[in-house]
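What follows is one structure encoded as structure tokens, with my remarks underneath.
The values are calculated or read from the model by the stated rules, or taken from the named source; none is laboratory data. Note that this is a predicted model, so its numbers are computed, not measured. Cβ placement follows ideal geometry from the backbone for every residue including glycine, while neighbour counts extend to all protein chains displayed.
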Amino acid sequence: MSRYALIACVLGAAALGGCQTTKSPSEMSYAELKQYSAALVERCRQEGAKPGAETQACVYQEARADEANRQDSIRRRRAFGVALAQAGNNFQRSAETQAQISRSLIRSPQPVPNLYRGPQTIHCSSRPGMGTVETTCR
């Protein structure tokens, strides 16, 4: 795995790990549900809701807002996962393309532009000598 792909994976894991996830009320145990309800009532009291119908309406609204936040968090994590997969696919395609280009450059000589006579193909051969290398190009 390349260094860039590894960095992308670590950043993705950090981003996903940093998200605060909570269970929905339907997934909570009785004790968790009581604790969640108490936290909602306390939040409404801090906002200044009066006991009775106002607190009940506030708790209902806060619970709906929490559910919307949970759904939005799930949607963002899924979108991030899709984007990370697409980035990985793009990186792989780019690496394959670069490998094909490299292989084609190694196999065939490339034309070198000549300002006076147009593009020409240069073929070179080397012959080792006593402490020197003799190279002939035509």
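Would you check which residues across segment 41-60 are surrounded by 14 or more Cβ atoms within 10 Å (Cβ to Cβ) and either touching a Ser or Thr at 6+ places or on another chain (Cβ under 9 Å) or touching a residue at least 40 places away in the same chain (Cβ under 8 Å) (or both) and list them?
41, 44, 49, 59
Considering segment 64-82, and only residues there that are out of contact with any helix residue (DSSP H, G or I) (no Cβ under 9 Å at 6 or more places or on another chain) and more than 24 Å from residue 43 (Cα to Cα), the residue that is surrounded by the most Cβ atoms within 10 Å (Cβ to Cβ) turns out to be 76. Output the residue which, of all residues in segment 84-94 that are surrounded by 12 or more Cβ atoms within 10 Å (Cβ to Cβ) and of a type in the set (A, V, I, L, M), is nearest to residue 24 (Cα to Cα). Out of the qualifying residues, it is 84. Only one entry of 100, 56 meets the criterion of being part of a helix (DSSP H, G or I) and either more than 18 Å from residue 35 (Cα to Cα) or under 18 Å from the mean Cα position of the chain (by Cα) (or both), and that entry is 100.
Please determine whether any residue of segment 77-87 is of a type in the set (Val, Ile, Thr) and modelled with pLDDT of 80 or more.
Among the residues of segment 77-87, at least one is of a type in the set (Val, Ile, Thr) and modelled with pLDDT of 80 or more, which makes the answer yes.
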